[in-house]
Amino acid sequence: MSGKPQLRGRAARLAALLPTRGSQAARTPFVLLVVALLGGGLITLLLLNSALSEGSFRLSDLRRETKTLTDDEQALQRDVDAYAAPDALARRAQELGMVPGGDPAFLQPDGTVRGRPQAATGVPSPPAQASPSASATAAAGPGGSASPSGSGEPKASGPASPTAPGTAAGAAASSPNAASTEPRSPTPGR
């Protein structure tokens with residue numbers, strides 16, 4: 001007899017279902033598949049991690065740039081606020097030779113005038129002479145760079161507004177020759 005006992009009946013059928021020595025060959029492709037999946041997963045994680053790192057560096061650069069631009073915007077807004085302050089506007093108007101206007105008159109919707117219109121009176125004062133260092137600072141403008149006009153203020157374009165001091169009516173009252181050279185605009189609503 002051989003060293004292996006003979007199985008009969010139910011035991012023989014169960015033994016036929018159990019794998020024999022050929023099972024070693026079936027395990028090799030499965031192990032290779034698992035190793036390939038793990039390797040692919042690790043490479044994917046590495047690529048994902050490097051992409052996230054690159055994104056975080058870009059995000060920090062954008063935050064730094066946003067902070068710089070916000071600081072610049074706030075500095076420019078401070079300059080605008082300084083130029084828009086009433087005392088700065090009055091000083092600049094006086095430097096340009098403007099005088100304060102008189103009491104205003106208002107035109108009603110039906111065409112009547114409420115109040116008594118009058119021309120601005122006053123003699124424009126001569127521009128104040130500043131020290132050389134102050135004039136260089138004023139010529140540099142708010143941002144520290146010289147403006148194209150040579151003064152710290154931007155040049156106005158277009159005709160002067162009718163409500164601004166120094167219009168044709170204000171110039172006519174302060175200078176007798178100005179009335180003959182500057183045309184007067186008709187009053188709207190009449």
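The values are calculated or read from the model by the stated rules, or taken from the named source; none is laboratory data. Quick caveat: nothing in here was measured; it's all calculated off a predicted structure. Using ideal geometry, Cβ is built from the backbone for each residue, glycine included, and neighbour counts are taken over all protein chains shown. Just the protein is used for accessible areas: all its heavy atoms, side chains included, with ligands, DNA and RNA removed. Shrake-Rupley method; radii C 1.70, N 1.55, O 1.52, S 1.80 Å.
Residue-level check: of (1) open to solvent by less than 80 Å² (accessible area, probe 1.4 Å); (2) of a type in the set (S, T, N, Q); (3) at pLDDT below 95, Ser60 misses just (3).
When segment 81-104 is filtered for residues that are among the aliphatic types (A, V, I, L, M) and either under 30 Å from Gln118 (Cα atoms) or free of Cβ contacts under 8 Å to residues at least 60 places away in the same chain (or both), the ones remaining, listed by number, are Ala84, Ala85, Ala88, Leu89, Ala90, Ala93, Leu96, Met98, Val99. Within segment 79-92, the set of residues being in a helix (DSSP H, G or I) and open to solvent by less than 80 Å² (accessible area, probe 1.4 Å) comprises Asp79, Ala82, Tyr83, Ala84, Ala88, Ala90, Arg92. The set of residues in segment 20-47 that are open to solvent by 100 Å² or more (accessible area, probe 1.4 Å) and modelled with pLDDT under 80 comprises Thr20, Arg21, Gln24. Yes or no: Leu76 closer than 30 Å to Arg92 by Cβ, open to solvent by 90 Å² or more (accessible area, probe 1.4 Å), in contact (Cβ under 8 Å) with a residue 60 or more places away in the chain and part of a helix (DSSP H, G or I)? When the stated conditions are applied, Leu76 passes them.
Here's the yes/no breakdown for (1) at pLDDT below 85; (2) among the acidic types (Asp, Glu); (3) assigned to a helix (DSSP H, G or I):
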{"position": "Val99", "(1), (2), (3)": "no, no, no"}
{"position": "Asp103", "(1), (2), (3)": "yes, yes, no"}
{"position": "Gly111", "(1), (2), (3)": "no, no, no"}
{"position": "Gly122", "(1), (2), (3)": "yes, no, no"}
{"position": "Ala128", "(1), (2), (3)": "yes, no, no"}
